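The values are calculated or read from the model by the stated rules, or taken from the named source; none is laboratory data. What you see is a predicted model, and the numbers here were worked out from it, not measured in a lab. Because the Cβ atoms are built from the backbone with ideal geometry, glycine has one as well, and the counts that use them run over all protein chains shown. Remember, those area values only see protein heavy atoms, side chains included, never the ligands or the DNA or RNA. Shrake-Rupley method; radii C 1.70, N 1.55, O 1.52, S 1.80 Å.
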Amino acid sequence: MFNVKTVEIEWGGKTLKLETGRVARQADGAVIATLGETVVLCAVTAAKSVKDGQDFFPLTVHYQEKFSAAGRIPGGFFKRERGATEKETLVSRLIDRPVRPLFPEGFYNEINVIAQVLSFDGENEPDIVAMVAASAALTISGVPFLGPIGAARVGYKDGEYQLNPSLEDVKTGELDLVVAATDTAVMMVESEAKELSEDVMLGAVLFAHEASKKVVDAIIKLAEKAAKDPWEIDLTDNTAELKGKLKKLIGADIAAAYKLTNKSARSDALNEARAKAKAFFVEEGLSPQDVMAGIKLTKKLEAEIVRTAILKDGQRIDGRTTTQIRPIEAMVGFLPRTHGSALFTRGETQSICTTTLGTKDAEQMIDGLTGLSYESFMLHYNFPPYSVGEVGRFGAPGRREVGHGKLAWRALHPVLPSKEEFPYTIRVLSDITESNGSSSMATVCGGSLSMMDAGVPLKRPVSGIAMGLILEGKDFTVLSDILGDEDHLGDMDFKVAGTSEGITTMQMDIKVAGITKEIFEAALRQAKDGRAHILAEMNKALGETRTELSAHAPRIETIQIDKSKIRDVIGTGGKVIREIVAETGAKVDIDDEGIIKISSSDLSQIEAAKAWILGIVEEAEVGKIYNGKVVNLVDFGAFVNFMGGKDGLVHVSEIRNERVEKVSDVLSEGQEVKVKVLEIDQRGKVRLSMRVVDQETGAELEDTRPPREPRGDRGDRGDRGGRGGDRGDRGGRDRGPRRDGGGRGGDRGPRRERSEGGDDGPAPEFAPAFLTRDDD
């Protein structure tokens, strides 16, 4: 029933298996790729004809992660996979970028590539497996794909390269680099690095290329077993005569337009030349299909003129040399109310970058195959149509914006401080207000400046540059800081960002069939010089991180408490922590390790919350004076909260040196008082005193009251008289009516009631042991 074909290779110490013929047999090509226990299905379908009016290659790549692959159920209300996540969008681009240039020019049939993660083992990232599966599915489908390509992830740890490192190795290593390549040349590079040198990065790319060759060989073996017959397509170029006429008609106009250094003026001149060409097509009576071919020829003519001028004369569109950087202007503190801001302008490319600082509850929650995770650094890139002087869609970010934002994120992420050093959630927002090439690198530069303006202690500033390539046969020219037209008409878009110490990210996309080691080395050297120049210009605006946060930014103070005290700070059902937040106005976050982060834009609120929490977790100290608040009045004294959640009893005899007839005459609930800890019994009950503390200054007063009789010497009570009858031996004081309605000579009642009368002067020694309120 099934005509299953498989190929297996040992790759990086693991088995890579490619299988076709069992699943998705109605697709033009379908391959299941397995690495470890990570399994990805990729199916390719292609339209058999070209749509009328089609003048571009409609390749669409979709990558989807099934939650079932990791044994999880999706969150949210619908409980199913819905729109593409950021990671799915990025991996879709990762697959698209190296395969798109490998289709022949003029092939406009629509192609769908759909990769779905069916199983995830938590160790082998499915993105590389998906790239391999997509390449294999395209190769066996019969479509005119000039591959296959291989793909590999490379890590760098302890001075050694790692092939397809585990998720944990990537996290603890110095490099996360993905390469896609044919058997002869590199097609795409995507990376994040911890300030590595150009030599290390180049070595990683070459290491990945060698590993990719093994995958290419495996795909070729699978194709030999299972490939469908290749499509027969006619891509014969019969436009030589028309091209010659166009060159005579508008060649001089195009050449003159590309000598204009202003983008708007250049665009106007080019549009006039294109309009002249369209009028010519009408005069010639060309069919709609031929008109489209003629428009394509116009673009080819533009590319030919620009490329020839650069390659042979070293003359660029705006008059610069091949290594020259456009004029740069950078300023910080551009916006008054943001936590940090920068305006970065390079030629006709401009970005407004802002940095916002938040607390832990502002972290982004990410629900993926590895489970719930939280990201404390976000970078968002926006590209409105006005930035290029066009009318267009404005709204939710597209794939390009997501990809550019992630590139800038990778450039800045390695230089961020640790959470212990800077416990803030950071969001960088880049709004591109002008664009003529390298807007993602403008985001890197502006983002670095805005974070420094916000007081984020970056390890070092980061600058970025976009490099280009003009390649004709063996002749090539590398361009620094490319314009938009040089990007469109050139053969490579190579972006490099880093600090003075090394590279933090590198991204390369090739529009030809790969580049050689020689070209790669030349581009890296030239990019290093360009980055250094840009960094020097940035330092003129702000050379180091500000030492003070913005007045509008929240302050965060971190304290560590014993884990056993966490429950005391939170309280039953969160009662205590909610009360702290409500009373002080500060935000309080506590984790399972006992790390508490207190945040507010008002320092007094932070101090109030901190004092409250420390009062809860601190152990009371005998002899120490505390500030407290009366929380309850009783006949025999007052309960005072003096350490957050701790209460103690100020007996009526310890309120004042003179006699207090009624506690409520002296104290009221909510009253602020100062108390001294007299005693803490074995059960943790605390006896307090107000009379030995100056209630104005908090200073300790001398205790003028005679010391009490020791508890153990009460056998001789002759001088006190009996407990009943005449009490005259105590001085004959007129004691007035008793509160319980009778004298002590009768039924004395419970011992507690005797003390609660409050009429016997100083409390007996045993009072604190049971006359205090239980906190719970």
Legend entry - Any chance THR20 is polar (S, T, N, Q) and open to solvent by 30 Å² or more (accessible area, probe 1.4 Å): no
Inset, instruction - Please specify each residue of region 178-190 satisfying the condition of being without any contact (Cβ under 8 Å) to a residue 60 or more places away in the chain and buried (at least 20 other Cβ atoms within 10 Å of the Cβ). - result: VAL179
Legend entry - Residue that is nearest to VAL117 (Cα to Cα), among those in region 30-46 that are under 37 Å from the mean Cα position of the chain (by Cα) and not β-branched (Val, Ile, Thr): LEU41
Inset, instruction - Return the pairs, sorted by first residue and then second, in which the second residue is open to solvent by less than 40 Å² (accessible area, probe 1.4 Å) and of a type in the set (Ser, Thr, Tyr), the first residue lies in region 397-416 and is under 10 Å from VAL462 (Cβ atoms) and part of a helix (DSSP H, G or I), the beta carbons are less than 6 Å apart, and the residues are 6+ apart or on different chains. - result: ALA408/SER440; ALA408/THR443; ALA411/THR504; ALA411/THR505; PRO414/THR504
Inset, instruction - Would you check if LEU471 is more than 30 Å from MET365 (Cβ to Cβ) and open to solvent by 10 Å² or more (accessible area, probe 1.4 Å)? - result: yes
Legend entry - Failed item, numbered, when VAL660 is tested on (1) closer than 19 Å to ALA620 by Cα; (2) outside any strand (DSSP E or B): (1)
Inset, instruction - State whether one or more residues within region 191-214 are under 35 Å from the mean Cα position of the chain (by Cα), of a type in the set (Ser, Thr, Tyr) and exposed (fewer than 15 other Cβ atoms within 10 Å of the Cβ). - result: no
Inset, instruction - Report yes if some residue within region 84-99 is without any contact (Cβ under 8 Å) to a residue 24 or more places away in the chain and more than 19 Å from SER191 (Cβ to Cβ); otherwise report no. - result: yes
Legend entry - Positions within region 576-621 being modelled with pLDDT of 90 or more, under 30 Å from ASP681 (Cβ atoms) and open to solvent by 70 Å² or more (accessible area, probe 1.4 Å), in sequence order: GLU579, GLU583
Legend entry - Tally of residues being farther than 22 Å from LYS228 by Cα and surrounded by 23 or more Cβ atoms within 10 Å (Cβ to Cβ) across region 36-67: 3
Legend entry - Neighbours by Cβ (under 6 Å, 6+ apart or cross-chain): first from region 350-377, under 30 Å from GLU329 (Cβ atoms); second charged (D, E, K, R): GLN350/GLU434; ILE352/ASP431; THR356/ARG427
Inset, instruction - Collect the residues in region 106-123 that are in contact with a strand residue (DSSP E or B) (Cβ under 6 Å, 6 or more places away or on another chain) and either surrounded by 24 or more Cβ atoms within 10 Å (Cβ to Cβ) or at positive phi (or both), keeping them in residue-number order. - result: VAL113, ALA115, VAL117, PHE120
Legend entry - Selected residue [of a type in the set (A, V, I, L, M), under 27 Å from GLU548 (Cα atoms) and surrounded by fewer than 23 Cβ atoms within 10 Å (Cβ to Cβ)] from VAL428, VAL456, VAL415, VAL462: VAL415
Inset, instruction - Give region 245-266 a look and list any residue that's of a type in the set (Gly, Ala, Ser), surrounded by 13 or more Cβ atoms within 10 Å (Cβ to Cβ) and under 46 Å from the mean Cα position of the chain (by Cα), or say none. - result: ALA255, ALA257
Inset, instruction - Please go through region 372-412 and pick out each residue that is surrounded by fewer than 16 Cβ atoms within 10 Å (Cβ to Cβ), within 30 Å of LYS597 (Cβ to Cβ) and of a type outside the set (Ser, Thr, Tyr). - result: LEU372, GLU375
Inset, instruction - Answer yes or no as to whether LYS171 is open to solvent by 70 Å² or more (accessible area, probe 1.4 Å) and not hydrophobic (A, V, I, L, M, F, W, C). - result: yes
Legend entry - Considering residues of region 1-28 that are farther than 24 Å from SER68 by Cα and in contact with a strand residue (DSSP E or B) (Cβ under 7 Å, 6 or more places away or on another chain) only, the residue modelled with the lowest pLDDT: GLY12
Legend entry - Criterion violated by ASP169 - all others in (1) charged (D, E, K, R); (2) part of a helix (DSSP H, G or I); (3) at pLDDT 95 or above satisfied: (3)
Inset, instruction - Please go through region 144-164 and pick out each residue that is open to solvent by 10 Å² or more (accessible area, probe 1.4 Å) and assigned to a loop (DSSP other than H, G, I, E, B). - result: PRO144, PHE145, LEU146, GLY147, PRO148, ASP158, GLY159, ASN164
Legend entry - Failed condition for ALA638, given (1) at positive phi; (2) in contact with a Leu (Cβ under 7 Å, 6 or more places away or on another chain); (3) free of Cβ contacts under 8 Å to residues at least 60 places away in the same chain: (1)
Legend entry - strands (runs of 3 or more DSSP E) wholly inside region 538-651 containing at least 1 residues that are of a type in the set (Lys, Arg): 555-560, 587-590, 595-600, 625-634, 646-651
Inset, instruction - Kindly check whether there is at least one residue in region 535-546 that is over 23 Å from SER197 (Cα atoms) and either polar (S, T, N, Q) or at pLDDT below 90 (or both). - result: yes
Inset, instruction - Within region 68-89, track down each residue that is open to solvent by 30 Å² or more (accessible area, probe 1.4 Å) and either over 28 Å from HIS380 (Cβ atoms) or touching a helix residue (DSSP H, G or I) at 6+ places or on another chain (Cβ under 8 Å) (or both). - result: SER68, GLY71, ILE73, GLU81, ALA84, GLU86
Inset, instruction - Give the residues of region 267-308 that are under 43 Å from the mean Cα position of the chain (by Cα) and either open to solvent by less than 40 Å² (accessible area, probe 1.4 Å) or without any contact (Cβ under 8 Å) to a residue 40 or more places away in the chain (or both), sorted by residue number. - result: ASP268, LEU270, ASN271, LYS299, GLU302, ALA303, GLU304, VAL306, ARG307
